[in-house]
Amino acid sequence: MNDQATLQPIEEKEYSTLNLGPTHPATHGVFQNILKMDGEIIVHSDSTIGYIHRAFEKLSEHRPYYQITPLTDRMNYCSSPINNMGWHMTVEKLIGAEIPKRAQYFRVIIMELARITDHIVCDTVIAVDTGAMTGFLYMFQWREHIYEIYEEICGARLTTNIGRIGGMERDFPQKAWDKLKWFMKEFPAKMKEFEKLVARNRIFMDRTIGGGAISAESALNYGFTGPNLRAAGVDYDVRVTNPYSSYEDFEFDIPVGTSGDTYDRFMVRLEEIWQSLRIIEQAMKNMPDGPFKADLPDFYLPPKEAVYDKMEALIYHFKIVMGEAKIPAGEVYHAVEGGNGELGFYLISDGGRTPYRLHFRRPCFIYYQAYPEMIRGGMLSDAIITLSSMNVIAGELDA
Amino acid sequence: MNVQELSEKVGERLRNRFGEAITHSEIHYDFPVYIIKREVVQDLLLYLYNDTELSFRFMTTLCGLHYPDQKDRELGVMYQLHNLGENWRIRLKTFFPIHDPTVPTATTVFASANWQERETYDFYGIQFTGHPDLRRILNMDEMTYFPMRKEYPLEDGTRDDKNDAFFGR
């Protein structure tokens, strides 16, 4: 046999390229990451986004104001009511409308329910990606119950188009109150159960502590907001710094983490669910009386009965539906605390029937660019749970 | 501190430091707005970042603007900065001619500007000089125009594969 044929040790390291996505079951959305791997360690990665870009900013420049609400539904579709309310409040700020307290409290209840659904999705999916399917299946029943409450209020479940410019479309019906009360009674026990199942589970903790960590300084530089920023230890929450919709009336805590790793992101969201329940409880207890909408004939559709036999109502109805409502010129920025962080609407109006320019500050889009840095040097399986713990929603990412 | 006081305070500091480069200041709702010349964008962001009192260390958002009727100031970029400690928010705008759409990058100060500038380039064709990786981000790489500019209609006029007799296209 020839001695020359024996294997020589390879001097240079050989990397392999792994294409993760765009339709990979573990990424929970349409993202592509091209990873340069050294065995199981990620050396470098490059993200490609835009697979479900639908040109919402361009579309908004061609639609009357009330027709933009359904577009916002389709951004973060795990908590679309927050997007809807954020948009309504932006327009209300532009026209200087005062919204009655009762409508504001309604909005708070709906937004906090939406935050609970958003965090349920994120937290249970982290558990799924670490191998715990049960919690996910159980908790999704409770997301379903929240959707039923939405359904009683606005008729829709996922893409809600809830509320109107100037208030809510109707008072909460009795059925919605019944379902909400039942939910508030039953949900905490189930939530406790899920917490017990996962939060102190040794396997889960070993998998998540220290994975995908980011420092507070780096997170701020990357424009992180919401639970991901708070997990890194910065207590920035739009509900507290710039209260909207009467959030200043409520007492709640802002949970913060310390290390900004996957476990902290999980725990911050878990605690926020409890805080959301606290807010809803207070809102239900202190619900003020009064109208559920502002007196804004130029923007708020008149009751349908009035349209049939009152001239004035018919004119307003026609004007609003055709998008001819009078809007002041100006530019305004309004932000709400979405499920993922500061969801901002930058709106320039030139007084025309459509916005002159509308820019959405989408929290996902801004913080997802830190992903390659967060997974570098880690294992592929950690990269998957880092992605799910950041709660990147493709609809919001690509707008 | 209300928006009026904030506007005066930041405006005075900026004018002392950058003089003529701050061409205009105004207040829109709860935001002080400063129109600045594009040459100073990077220095100004860095100054606001490093100043111990102002310390605008968080970039909330950045986006492109297009006003076809403003001669030689057609395109623009808007920046929103936030001092999280004091909860001060300001907005900066800079405008430049459409035939020379260049502006210095903000990525040297804020890492978050990276994708937002790519998005702005993608939509408006604004060239950020010094950007580490200025490629299209949301649209496909083969696209030859900048769709958010006002001259482009909502429907894509360059496509011939859409033939829908009902909607007349």
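Computed from the coordinates by the stated procedures, all read-outs in this text should not be read as laboratory data. Quantities reported herein were computed from a predicted structural model and do not represent experimental measurements. We place every Cβ from the backbone using ideal geometry, glycine too, and count neighbours over all the protein chains shown.
A few comments on the model shown:
- Gaussian network model of chain B, Cα within-10 Å springs - most flexible of B:138, B:45, B:75: B:138
- Peptide B:48-58 has a mean shielding of 1, counted as Cβ atoms of other protein chains within 10 Å of each residue's Cβ.
- Built amide H within the under 5 Å cut-off of residue A:223, gap 5+: B:112
- Distance (nanometres) between label positions extended 7 Å along Cα→Cβ at residue A:148 and residue B:20: 7.1 nm
- Entry note, chain B: the mean residue ellipticity at 222 nm calculated from DSSP H runs of n ≥ 4, each adding -39500 (n - 2.57), is -7000 deg cm²/dmol after division by the residues and rounding to the nearest 500.
- Interatomic Cα distance distribution for region A:251-315, bins of 10 angstrom, percent: 17, 23, 17, 19, 16, 7, 1
- Kirkwood hydrodynamic radius over Cα pairs of region B:11-169, then Stokes diffusion coefficient at 10 °C and 1.306 mPa s, in µm²/s: 93 µm²/s
- Modelled spin labels at residue A:322 and residue B:12, positioned 7 Å past Cα toward Cβ, are 5.2 nm from each other.
- Taking the square roots of five times each eigenvalue of the Cα gyration tensor of region A:227-353, the equivalent ellipsoid has semi-axes of 40, 20, 11 Å, listed largest first.
- Database remark: amide H of residue B:36 closer than 5 angstrom to the amide H of B:23, B:93, B:94, B:95 (H placed geometrically; neighbours at sequence offset of 5 or more, or on other chains; Pro and chain starts carry no H).
- Cα lying deepest toward the dipole's positive end in chain A, options A:262, A:90, A:229, charges on Cβ: A:90
- Extension gain, residue A:59 back to residue A:12 (0.36 nm per residue minus Cα-Cα distance, nm): 11.8 nm
- Residue-wise HN-Hα coupling along region A:93-110, computed from phi with Karplus coefficients 6.51, -1.76, 1.60 (Hz; x: Gly, Pro): 5, 4, 8, x, 7, 9, 9, x, 4, 4, 5, 5, 5, 4, 4, 4, 4, 5
- Across all directions, the shadow cast by the convex hull of region A:289-378 built on its C-alpha atoms averages 9.7 square nanometres.
- Distribution of pairwise C-alpha distances over region A:103-168, 5 Å bins, in %: 4, 16, 24, 21, 14, 10, 7, 3, 1, 0
- ³J(HN,Hα) computed for each position of region A:40-56 - Karplus, 6.51 cos²θ - 1.76 cosθ + 1.60, integer Hz, glycine/proline x: 9, 9, 7, 8, 7, 8, 9, 9, 10, 10, x, 5, 10, 5, 10, 6, 4
- Residue-averaged [θ]222 nm for chain A, counting only DSSP H segments that reach four residues, each worth -39500 (n - 2.57): -14500 deg cm²/dmol
- Stokes-Einstein diffusion for the protein assembly as shown at 37 °C, viscosity 0.692 mPa s, with a Kirkwood radius from C-alpha pairs, works out to 130 µm²/s.
- Evaluated on region A:330-399, the Kirkwood hydrodynamic radius is 13.9 Å, with distances taken between all distinct Cα atoms.
- Taking Cα centre as origin and charging only the Cβ of basic (Lys, Arg, +1) and acidic (Asp, Glu, -1) residues, the dipole magnitude of chain B rounds to 240 debye.
- Of A:105, A:346, A:44, farthest towards positive along the dipole that unit charges on Lys, Arg, Asp, Glu beta carbons give the protein assembly as shown: A:105
- Put simply, the amide H of residue A:167, placed in the peptide plane, has neighbours under 5 Å in A:294, leaving out anything fewer than 5 places away on its chain.
- With a cut-off of 11 Å between beta carbons, the residues surrounding residue A:243 carry a summed charge of -3, where Lys and Arg count +1 and Asp and Glu -1.
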